Each structure stands twice: as C-alpha cells, then as structure tokens.
Amino acid sequence: MEVTQGAPFESFGLSEATMRAIRNKHYTVSTPVQAGCIPPMLAGKDVIAKAPTGTGKTMAFGIPIIERIDRESEEVQAVILAPTRELAMQITDEMRDIAVCHEGVRLVCLYGGQPIGKQIDALKKKPQIVVATPGRLSDHMKRRTVKLDNVKTVVLDEADRMLDMGFSEDILTIARKLPQNVQTIMFSATMPDKIEDLAKTLLKNPVEVKLAVSKPAEKIQQKAYVCYETQKMAILKDIFKAGDLNRVIIFSGSKQKVKQIAASLKRMKVNCGEMHSDLDQAERDEMMFQFKSGQFDVIVATDIISRGLDIDDIAMVVNFDVPRDAEDYVHRIGRTARANRDGVAITLVSEQDQYYFQQIEKFLEKTVEKVPLP
C-alpha cells in the first residue's frame, strides 16, 4: 500500500504509558510511515517498508515493539539491526524516549569500537531489546554473551545500506539463530534486486508499505551552476567569498574528492572538516561534534551523512557533483531549511552530470534556476 498521510496516534489503540510518552514529545498525528507500519506490526505481521530516514521510522517500529514487550521477562525479545554506530545510538535514544513511561523495559546498544567488556556487563542486566550493528551482534553470538532463542521481532533498518556495507553474511548468520516464527520488519530507502532477494529469504507474506517520496521543502532556495569540472573549485571560492560561511555542508560522490575539496578549502583558510568511510568511528564522532558545536563552519562529506543527520541550522548545502538518484538529491538538500528556517541548495553541474540533473528536475517537476558563472 502507498501511504500519503498520517493518522492520530489515538487511533492505534496504544497503551496509556505509550500515549504519555508520545504526548511528552508533543506529537498528536503520526507520520505516513508510522500510520503504515504500526497497525500491521501490532497485529504481528511481517512488514517491508520503502522509507528513507527522516520519515519517523524509529517510532514506526519502536512503538509496536515496546507495546508488545513482556516486561517481566529477562530474555531478549526484540533485535534492531542498523548499519552504523551513529544510527544504532540514535535508535536507542528514541526507543528510550518511547519506553520512558513503561517500568522495567531495558535496552542495550551494541556496536564496534566500544569496549566489548562494557557491552558484556550491559548484557548481564538482561535487556529485552538489543539495538546493534550486524558485525558486533554476530561477535557477541560467537562469544555466547547474547541469546536470541526468544526473540519475537527483528528489525532491519536501512537494509540497503547494510548490504552495501557488506553485512549480508552477518545478517543471514543472525537470522538463522532466530526462532522460526519471528516477526521480521525491513526498512530500506531503495529497493534494488538484492533487497528484494533478502526480503524473499527472510519475510513471510509481508505487508508492503511504500511512501510517496516527498519533494524538497518549498523554503529551500535551489540553484545550479552549469560549468566544467575544472571550474567547480573556483565557483566554490566565489560562493564563499560572497556570504558568511556559517553552517555549510558540501556533498561529493567519492571520498577521494571529499579529501581534495577539504584540502583546497583549508588552503583557502576555510575552517572545515571532512566525513567519509576512511575515518574510523571515533574520528567521525569527533568531526560531527566539532561541526555541531560550531568549531567547523563547513563539513565536506560523502552521502554517509545525507541520511539521518540531525542538525537543524544548516544554512547551505552544496552538491559539488550531482547525485545519481533523485531521492539522494532530496535527502542531501533536505539537510537545510529545517525547523522553519530558510536555506539554500546549490548544485554544480558539469557536462557529465547534465543527464542526471535533468532526471532530478523531472522528478521535482520544476526547472532549477541556473546562475550565470562568476
């Protein structure tokens, strides 16, 4: 089913404790993905949802999981798998917010890069909900520090990214250890063949939920420069010369390019950081912290941060190159003009990018304003 609108949270028949937690967050109406997923999940059905980050997915699966937890039990009853440590931590925080009025619901978050001993101690407190990256959860399974015999629900969040990052073997290893009748929920922003195959392997008669992909917020001022690849750096200099540099994200398709752009900006005395997959987890956390706290004005990044990045005051997004997918474009520029602020999105379109940019304009159903070269 394609969902276009939400529904009042009252209409789902949730417990008073969950409704209190939702009112604490000042929510009254669910997002479309929540309206599509909460009822079938509460009914115990498998669900596959095509939904990008930023659509309220965590509450879509978090609410039904917490509603169905047996709080007397000391067994793990729900497993939520996420591709990155950042996302796993974000999910855990949101789940804690939902569980805040339910006495006795315990959660643990397991990911690489954190001392395993600390995680083993946390598992001894008998959590009913485990949020984890696939690699670290399979590590705990090998050590027998976690038991999955009584899991009722398993969620694969951002399944497409988990497969892209090479986690398919870990996911299948984990799936084999789960009970036969486990409820499986899968979220993916895109549905390539390999996701369809994984869904066929793991899900039983799933309810399919599709979101009508939203267009970018009207408040975002979109502009493009049509140029040669070799002119892009000079255009960037010109953009930065004109305005104050505060809170800018520059996206590029490859980590090599991200490093080059960051190096050039540093030579221009621009105070910037970089985000790509060559950084380890601690370095990424430090970069995000420095950007959020205003120590960097600019961050240059691959699409690693286009989804699920919660910073409300980004003034400008620059696409140094055109993303190959209209949805990625919407995600990237959706980092700006949040929380009732205005924002600017500038895309640098070289000759090899023109076809992709036309596809994006088709999707947007509008022509993006072309700015004359400086």
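Some notes on this structure:
- Burial order of peptide ranges 277-284, 318-325 (average beta-carbon count within 10 Å, highest first): 318-325, 277-284
- Prolate/oblate/rounded call for the range 217-301, Cα gyration tensor, a/c under 1.5 rounded: prolate
- Taking each DSSP H run with n ≥ 4 as -39500 (n - 2.57) and averaging over every residue of the chain yields -11500 deg cm²/dmol at 222 nm.
- Restraint check, K241/K269; K210/K362; K241/K266; K57/K210, Cα-Cα greater than 18 Å: K210/K362
- Fraction of accessible area attributable to carbon and sulfur, the range 12-165 (%, probe 1.4 Å): 48
- Computed over protein heavy atoms with a 1.4 angstrom probe, the accessible surface ordering of M287, M162, largest first, is M287, M162.
- Diffusion constant of the range 89-138 at 37 °C, which comes from Stokes-Einstein with the Kirkwood Cα-pair radius and 0.692 mPa s, µm²/s: 288
- Using all pairs of distinct alpha-carbon atoms, the Kirkwood hydrodynamic radius of the range 95-227 works out to 17.3 angstrom.
- Cα radius of gyration and Dmax for the range 129-173 (Å): 10.7, 29
- Legend: calculated FRET efficiency, K118 to S293, from the Cβ-Cβ distance at R0 = 22 Å, rounded to 0.05, equals 0.30.
- Global form of the range 48-116, assessed from the alpha-carbon gyration tensor, a/c cut-off 1.5: oblate
- Shape of the range 1-126, Cα gyration tensor, a/c cut at 1.5: prolate
- Listed by chain and number, the lysines whose C-alpha is less than 20 Å from the C-alpha of K118, apart from same-chain residues fewer than 8 away, are K126, K142, K147.
- Straight-distance crosslink candidates among aspartates and glutamates, where the alpha carbon sits under 12 Å from K194 and sequence neighbours closer than 8 are dropped: D160, D164
- Working value for the range 253-374: equivalent-ellipsoid semi-axes of 24, 17, 15 Å, each the square root of 5 times a Cα gyration tensor eigenvalue, largest first.
- Set K25/K45; K223/K366; K232/K292 screened for pairs whose C-alpha atoms are more than 20 Å apart: K25/K45; K232/K292
- Between amide H atoms placed 1.01 Å from N, distances below 5 Å from E274 occur with V300, all of them 5 or more places distant or on a separate chain.
- Zone of R143's modelled label, taken as backbone nitrogen in the range 58-100 under 14 Å from a point 7 Å along Cα→Cβ: none
- Size of the chain as Cα extents on the principal axes (Å, biggest first): 66, 43, 40
- Taking the average, over residues, of other Cβ atoms within 10 Å as the packing measure, peptides 291-299, 19-27 rank 291-299, 19-27 from highest down.
The values are calculated or read from the model by the stated rules, or taken from the named source; none is laboratory data. Just so we're clear, the structure is a prediction, and the values are computed from it rather than from any experiment. Cβ atoms come from the backbone with ideal geometry, glycine included; neighbour counts cover every protein chain shown. The area values use the complete protein model at the heavy-atom level, side chains included, leaving out ligands, DNA and RNA. Shrake-Rupley method; radii C 1.70, N 1.55, O 1.52, S 1.80 Å.
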